[in-house]
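Here the structure is laid out as structure tokens; the discussion comes afterwards.
The values are calculated or read from the model by the stated rules, or taken from the named source; none is laboratory data. Quick caveat, the model's predicted, so the values are computed rather than measured. FYI the Cβ positions are ideal-geometry reconstructions off the backbone, even for glycines, and counts take in every protein chain you see. The accessibility values were calculated without ligands, DNA or RNA, using every heavy atom of the protein model including side chains. Shrake-Rupley method; radii C 1.70, N 1.55, O 1.52, S 1.80 Å.
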Amino acid sequence: MKRKKIIKRILIGLGIFLVLVIGALAAAPFLFKDEIIVAVKNAANDNLNAKVDFKEVDISLLRSFPNVSVKITDYSVIGNAPFEGIKLIGGEAFGITVDFWSAWNFGTVPLEIKSVRLDKPEINVVVLSDGKANYDIAKPTADTSTTATAFNIQLEEYGIHEANITYDDRLGGNFVKIVNLTHTGTGDFTQDIYDLTTKTSIAELTAESGGIAYLTKARLNWDAGINVDMPNSKYTLRENDLKINDLQVKLDGWLAMPNETDTEMDLTFSAPQSDFKSVLSLIPNAYMEGFENVKASGTFKLAGFVKGKYSTMPETYPAFKIEFSIAGGDVKYPDLPLGISGINTNVIVNSPGADLDQMLVDVSSFKLKIGSNPLEGYFKLRTPISDPDVDTKIKGVLNLEELSKAFPMDATTLNGIVNADIAAKTRMSTIDRGDYANVNMSGSASIQNMNYAAEGMPPVKINSLRMDFTPQRVNLPAFDMKLGKSDLTGSGSIDNILAYFSPEATMKGDFTLRSNYFNADEWMTEEPATTSATSAANEPAGTGVTAGETFNRFDFSMDAQVKKLDYDVYKITDLVAVGNFKPSLLTLDQFSMKIGDSDIAASGNLTNVWNYVFYNETLGGKIAIRSNYLNLNQFMTDESAATATAT
């Protein structure tokens, strides 16, 4: 009996002790909560070139006992100039679980991180045209010692839930937008070599490069097993199931990152399906609600590989090959009166090594019929970097109204006739040296009575536009169009149109432009909110295809006259501009205009014009200005006038 009492008292004592311990563990974070929040914010802002803020820090010793869980809510990391106002990352909650004893002894031992979870994060990565990136926020330190890291990743699981991500690389011309990403991963991260199991879903994926949209709001699901070899930074694909819209893709191979500049890979991809409808789902606007009711027939094949090393120093690319073909493709949308039939094409893109100049683009044939009009041709491109060698022929009529009746266009009005009969077989160097006897370039392309109207932009009407292809140049004998309320006519020529294919070549030409009235306000985008992902330097937001990503390697002489120009609050008349325009330099031989009762004439040059217009960078140059009469009152805003009166 006495023994039972002793045991009972011991158990009661242990119970009381356990309650006290649990109470202390539960109370400790609350007792020091304010101090913890201030300390974390100060430490972050002292070490980062950004403003770090959050609402709450929840530290629990019970939620994941014997580990410690930390949860930060309503957090944000906002950049400083030149990314002031841009949120690098923010979200509803960010949580980590760490080993208790490593947290207790933090400072003397690395902090062991067991799990990471992000709920509804917003991530915006911006790289400016000068290479500056908003993620480079760590302040430089004079400490160059190679001490051990303060963190030891011992993950058991991680997760990102309902994330929105924007990647805007203006230097490389790449744009990716991800809406509603959920990604989880589990594995024994404590091992040097382990298997990682991941699940990924994306509600909308948009991917663009060089102004070309490769995916637009595509749905993606990917379950993948990956063997991770940490000592060699090598990742090998195991069982995986990737589906983009209705297209299933099989991926095999590995990727390794042996150092900071090199990425080695040996990857293959193919489509196990052969149903044309599945690849149709990847075309922008084609994949829509009710896609399962679209009637489509025909077959397709897709296969390829990427093998070798990608490096930035020196710039090196892996070998790659893509083979794609469609046979007997037909498509008919249930709510549209016309269909597209006879779709046949065979495409091979082959780059056998690190030198992209050895790449071959071979579209041996393409044919299709929209409504009653056929369109067919072929296209081959060799040595695209050093000396574009083109062999192509395009012939057909495209009735844009029939296209809008055969393919979904959202809220877009489109009609008009595009007629093309073009043949070219030559090298750029042959044109450059004036050896026109060996230049095979002939035919013409024209647009007649084209009307285009889409939500969010002024309507465009091209009454007539014609391009004549000759061995010497491409001539535009005349064009007549209306852009919103503005009229525009003119003519011109392009001397070396094959420069379009070479990133190292500049397209040259001359243009004459005339307008009776031009309303610039219609084409000026509103400044986006400062918290927008693409608001850095006030670059236009949207699909990611910014004006600065269009072709920007040109050297054009110009002769422009506008009788009346509306820009902001200014009413400009008799505008004349004669000179030369390059993306980096605008040379004005003659410039004159009238604003109200003032006259202004100028000559000189402006530098960095392209980046000033599209990226809001600094405009430079040297201009000589002359005026017979200049009324400065009309340029004074209400604010500046008030300031002048006050002083």
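How much accessible area per residue does segment 294-344 have, in Å², with a 1.4 Å probe?
On the way: 2790 Å² over 51 residues.
Counting only protein heavy atoms, the per-residue value for segment 294-344 is 55 Å².
Can you check what the net charge comes to around Ala93, using other residues whose Cβ is under 12 Å from the Cβ of Ala93 (Lys, Arg +1; Asp, Glu -1)? Let's see the in-between values first.
Numbers: positive: Lys55, Lys71, Arg117, Lys120; negative: Glu56, Asp58, Asp74, Glu92, Asp119, Glu162.
Residues close to Ala93 contribute a combined charge of -2.
With an 8 Å cut-off on Cα pairs and a minimum separation of 6 or more residues, tell me the relative contact order of segment 171-239 in percent. Can you show the working numbers first?
Values: 152 pairs, mean separation 20.6, N = 69.
Relative contact order comes out at 30 percent.
Find how much the distance from Arg466 to Met230 grows on full extension, using 0.36 nm per residue of separation minus their present alpha carbon separation; answer in nm with one decimal. Present the calculation step by step, with values, prior to reporting the outcome.
Details: separation 236, 0.36 × 236 = 84.96 nm, distance 5.94 nm.
Here the answer is 79.0 nm.
Just need the relative contact order of segment 124-279 here, percent rounded to a whole number, with Cα pairs under 8 Å and 6+ apart.
Values: 348 pairs, mean separation 21.3, N = 156.
Reported relative contact order: 14 percent.
If r is the Cβ-Cβ distance from Ser627 to Asp46 and R0 is 60 Å, what FRET efficiency results, to the nearest 0.05? Walk me through the numbers on the way to the answer.
Details: r = 53 Å, r/R0 = 0.88.
Efficiency, from the Cβ-Cβ distance: 0.70.
Just to confirm a number: summing +1 for Lys and Arg and -1 for Asp and Glu over residues other than Ser311 whose beta-carbon lies under 14 angstrom from that of Ser311, what do you get?
Values: positive: Lys309; negative: Glu260, Asp262, Glu264, Glu315, Asp355.
Residues near Ser311 contribute -4 overall.
Beta carbons within 10 angstrom, averaged per residue: use that to sort the peptides 397-407, 245-255, highest first.
On the way: 397-407: 18.5, 245-255: 16.6.
Listed from highest to lowest mean packing, they are 397-407, 245-255.
Averaged per residue, what accessible area in Å² does segment 547-607 show with a 1.4 Å probe, protein chains only? Let's see the in-between values first.
On the way: 2970 Å² over 61 residues.
I get 49 Å² per residue for this part.
Using a 1.4 angstrom probe on heavy atoms only, work out the carbon and sulfur share of the accessible area of segment 146-260 in %.
Details: 3260 of 6260 Å².
Percent of accessible area from carbon and sulfur atoms in segment 146-260: 52.
Can you tell me how much longer the chain between Glu84 and Lys243 gets when fully stretched, taken as 0.36 nm per residue apart minus their C-alpha distance, in nm with one decimal? All intermediate terms of the calculation are to be shown ahead of the outcome.
Working: separation 159, 0.36 × 159 = 57.24 nm, distance 3.79 nm.
So the chain would gain 53.5 nm between Glu84 and Lys243.
Using the charge dipole of segment 260-341 (Lys, Arg: +1 at Cβ; Asp, Glu: -1 at Cβ; taken about the Cα centre), state which of Met288, Tyr310, Thr261 has its Cα farthest towards the positive end.
The listed residue farthest towards the positive side: Met288.
Starting from the Cα of Asp130, step 7 Å along the direction of its Cβ; do the same at Thr299; then give the gap between the two resulting points in nm.
Simple spin-label model gives 5.6 nm for this pair.
Give the lysines whose C-alpha is closer than 20 Å to that of Lys369, dropping any in the same chain fewer than 8 places away, or say none.
Partners within reach: Lys277, Lys295, Lys332, Lys393, Lys395, Lys405.
Express the carbon and sulfur contribution to the solvent-accessible surface of segment 552-631 as a percent, rounded to the nearest whole number, probe 1.4 angstrom. Intermediate values should be presented prior to the final figure.
Working: 2460 of 4500 Å².
Here carbon and sulfur together make up 55 percent of the probe-accessible area.
Would you mind calculating the gained length between Ser325 and Asn516 on full extension (0.36 nm times residue separation, minus the Cα-Cα distance), in nm to one decimal?
Numbers: separation 191, 0.36 × 191 = 68.76 nm, distance 4.88 nm.
Separation in residues times 0.36 nm, less the Cα-Cα distance, equals 63.9 nm.
Return the distance in nm (one decimal) between the two label points of a simple spin-label model at Asn415 and His183, each offset 7 Å from Cα along Cα→Cβ.
4.7 nm
Report, to the nearest whole %, how much of the accessible area of segment 309-405 belongs to carbon and sulfur atoms, 1.4 Å probe, protein only. Write down the numbers at each step before the final one.
Working: 2780 of 4850 Å².
Ligands and nucleic acids excluded, carbon and sulfur give 57 percent.
With a 1.4 Å probe and all protein chains left in place, how much accessible area per residue does segment 160-283 have, in Å²?
Working: 6150 Å² over 124 residues.
Heavy-atom accessible area per residue stands at 50 Å².
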